[in-house]
Structure formats: C-alpha cells, structure tokens
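Here, each number is a calculation from the coordinates, and none is a lab measurement. In this text, all values refer to a predicted model and were calculated from it rather than measured experimentally. Counting neighbours? That spans all protein chains shown, and the Cβs are built from the backbone with ideal geometry, glycine included.
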Amino acid sequence: MSQKKQTVRFLKEDAGQLATELFRQNIPKEYLVLINEKKITHYHSYGSLSPFFENLIKGKLMGTICVFCENAKAWLPPRTHCPDCWKQMEWVKINTAGAKVYTHSTTNYPGAGFKLSVPCPLISVDIPGVYTKFMSYLSKFGNGEPYIGMPIKPVFRKNNPTYTILDISWIPVD
C-alpha cells in the first residue's frame, strides 16, 4: 500500500501569517501581536565558497578535499583551507549514493525567521566518503519517517533559488 508523502514548502515572505497560524495555538485576544515588517538591504558575499551555492542551483552537491593530506575525505559543507595542513582545498562533486539519515529532529514550533512549513524534519546526513555530517531537512516524508539509517537522496531547488543552504533538501529513496 502506497502512503501519501507529506511535503515541506517555503512560506512566502509577504504572507503576513498570524501568530495563531504560525504557532498553531489559540492566542488570547488580549495579547498584543505585531507584524514587524523590516525593509533593509543586506549584502552578503560567499567569497571562495561561492561555487558551493552556485552548483546547488545546477543540481550538484560540491565539497572540498585536501590533496596534500593522506587518506583525505571530502568536507561538506566545504572548507576553503584544510583544517589539518592549512593548504587550499580542491573542489569535488559529492557522490550521494548511499546517503542516509544519521540523526533527526522534527520542529513543530519554529522560531522567528523559519522559512519552511511545519512539521519539518531536520536531519543530519551521513554520506560515504565525507568527513562531516551534512545538516539539512527532509522535504518529503511519510508516517514514521524519518528514521535513523533511512536511505535518502538530494533534491535541488533550481527554480526560484534562494542561494542559501535551503536550495538542497532530501527525500526518501523509494
């Protein structure tokens, strides 16, 4: 029997969600609730990590390796310089075959600025050949998911990219 998958979606910036919708609780009428819209321009440079974000919207997950250290594995998120020998790292495409959920936590009551719908399973991804556990979220899931050891694969936000880590999420391997 096929089970219907839930999905995580982006909340629109200008949706003006009420506190009762955001926190799924009845807010007493005597409580003051303000929508504090801010109109600022923030410039942020990814510097030498730019290839990581540029490749996400191309459907590629990139990491870095040190070609100077023996038995080097990939780093994800990437580092520009090796934490062991301090030499510049090289970019490599990450093979996500065999990726699985290492650990997980589901958020139901997000903090301010949370851009995804709830519930949202936040996951640590174990990828063979990668030193670190990659933090992300599961964007499609069913009852009883995620679970530790669950096989997953990446999906990339190619249309309307955010140029942030939210341009990659994971789904179960069916």
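Quick notes on this one:
- Per-peptide packing, taken as the mean over residues of other Cβ atoms within 10 Å, places 74-80, 40-46 in the sequence 74-80, 40-46 from highest down.
- Unit charges at the beta carbon, dipole of region 48-172: most positive-side option, THR107, HIS81, PRO161: PRO161
- Over 21 Å [Cα-Cα, region 48-172], rounded percent: 42
- Fewest-first ranking of VAL155, VAL130, using other Cβ atoms within 10 Å as the exposure measure: VAL155, VAL130
- Gained length - LYS60 relative to ASN143, 0.36 nm times residue gap less alpha-carbon distance: 27.0 nm
- DSSP-assigned coil residues among GluC sites (Glu not before Pro) in region 49-100, each with at most 13 further Cβ atoms within 10 Å: GLU70
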